[in-house]
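Asker: Below is a structure I'd like to ask you about.
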Amino acid sequence: IYIIIGFFISYFIEMSMQFKTLPSVRAIVQKKPVFVIPSRNVASKASSKTVIATEKAPAALGPYSQAIKAGKTVYVSGQLGIVPGTKNFASVEVEGQAEQALKNMGAILEASGASYKDVVKTTILLADINDFAKVNAVYAKFFTEKPPARSTFAVKDLPLAARVEIEAIASLE
């Protein structure tokens with residue numbers, strides 16, 4: 001059993017050095033001093049969390065916020081193509097829903113002090129992956145310069161039988 005444990009320890013150290021992870025382990029193996037930088041008070045991080053809400057975008061469909069501002073980062077919850085103040089989609093077509101979802105996102109970004117130019121990452125959820133090109137065409141109108149990083153997934157279902165949902169992360173740096 002000691003041989004097996006020794007093997008796993010050796011493997012762990014080798015992998016950490018190879019992938020440049022766990023610098024403290026690498027430093028110990030290389031007999032270099034390890035410096036620990038004290039972290040900020042966790043309570044102060046929690047107190048910097050601000051709920052963002054606006055009537056210019058649909059209210060959340062459940063127990064979550066339209067967006068959260070934490071420090072200089074804004075996390076916008078997934079937006080559907082619902083017209084604010086109603087429970088109706090802007091269109092049955094994916095293009096109309098994508099456009100309204102992005103307008104809703106814009107209203108929330110504005111309420112947080114951000115804009116489309118501040119968005120660094122988006123995630124698009126599609127009810128049908130065959131709508132990818134159609135949503136891309138709409139998306140390109142909103143992110144004309146330095147488009148953000150993005151992931152797109154086809155999912156089984158979306159809330160209220162929507163065809164598209166889009167979430168974002170923005171940086172106020």
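Asker: Rolling a 1.4 angstrom probe over the protein chains, ignoring ligands and nucleic acids, what is the accessible area of Asp157 in square angstrom, nearest 10?
Answerer: 110 Å²
Asker: All other residues with a Cβ under 15 Å from the Cβ of Leu172 taken together, and with Lys, Arg as +1 and Asp, Glu as -1, what is their net charge?
Answerer: Once all neighbours under 15 Å are counted, the net charge is +2.
Asker: On full extension of the chain, what length is gained from Ala59 through Lys72, given 0.36 nm per residue of separation minus the C-alpha to C-alpha distance?
Answerer: Stretched fully, the Ala59-Lys72 segment lengthens by 2.4 nm.
Asker: Report the convex hull volume per residue for segment 56-125, counting only C-alpha atoms, in Å³.
Answerer: On the way: hull volume 6.2 nm³, N = 70.
Hull volume over Cα atoms, normalised by residue count, gives 88 Å³.
Asker: Please list the non-local residues whose amide H lies under 5 Å from the amide H of Thr152, H modeled 1.01 Å from N, same-chain partners needing a gap of 5 or more.
Answerer: Counting only residues 5 or more places away or on other chains, the set is Ile124.
Asker: Let me ask you something else. Among the chymotrypsin sites (Phe, Trp or Tyr not before Pro) within segment 45-91, which fall in a DSSP loop and have no more than 13 other Cβ atoms within 10 Å of their own Cβ? Can you show the working numbers first?
Answerer: Numbers: sites: Tyr64, Tyr75, Phe89; in loops: Tyr64.
When the chymotrypsin sites (Phe, Trp or Tyr not before Pro) of segment 45-91 are filtered for loop state and at most 13 Cβ neighbours within 10 Å, Tyr64 remain.
Asker: First check a/c for segment 66-173, with a ≥ b ≥ c the square roots of the eigenvalues of its C-alpha gyration tensor; if it is under 1.5, answer rounded, and if not, answer prolate when a/b is larger than b/c or oblate otherwise.
Answerer: prolate
Asker: Now for a different question. Filter the trypsin sites (Lys or Arg not before Pro) in segment 77-125 to those in DSSP coil with at most 15 other Cβ atoms within 10 Å of their Cβ, and list the result.
Answerer: Hits after loop and neighbour filter: Lys87.
Asker: Under a 5 Å amide H to amide H cut-off, with H placed in plane at 1.01 Å, what residues pair with Val120 once short-range neighbours are removed?
Answerer: Under 5 Å from the amide H of Val120 lie the amide H atoms of Ile169, Ala170, Ser171, each far enough along the sequence or on another chain.
Asker: Could you tally the net charge around Ala98, taking each other residue with its Cβ under 14 Å from the Cβ of Ala98, Lys/Arg +1 and Asp/Glu -1?
Answerer: -2
Asker: Tell me, what is the 1.4 Å probe accessible area of Ser171, in Å² to the nearest 10?
Answerer: 30 Å²
Asker: Filter the GluC sites (Glu not before Pro) in segment 45-151 to those in DSSP coil with at most 14 other Cβ atoms within 10 Å of their Cβ, and list the result.
Answerer: Details: sites: Glu55, Glu93, Glu95, Glu99, Glu110, Glu145; in loops: Glu55, Glu93, Glu145.
For GluC sites (Glu not before Pro) across segment 45-151 that sit outside H, G, I, E and B with at most 14 neighbouring Cβ atoms in 10 Å, the list reads Glu55, Glu93, Glu145.
Asker: Tally Lys/Arg at +1 and Asp/Glu at -1 over every other residue whose Cβ is under 13 Å from the Cβ of Tyr75; what's the total? Let's see the in-between values first.
Answerer: Values: positive: Lys49, Lys69, Lys72, Lys121; negative: Asp118, Glu167.
Net charge in that neighbourhood comes out at +2.
The values are calculated or read from the model by the stated rules, or taken from the named source; none is laboratory data. Every value quoted in this text rests on a predicted model; they were computed, and no experiment measured them. In this analysis, Cβ positions are derived from the backbone assuming ideal geometry, glycine residues included, and neighbour counts consider all displayed protein chains. The protein model used for the area step is the full one, side chains on, heavy atoms only, and it has no ligands, DNA or RNA in it. Shrake-Rupley method; radii C 1.70, N 1.55, O 1.52, S 1.80 Å.
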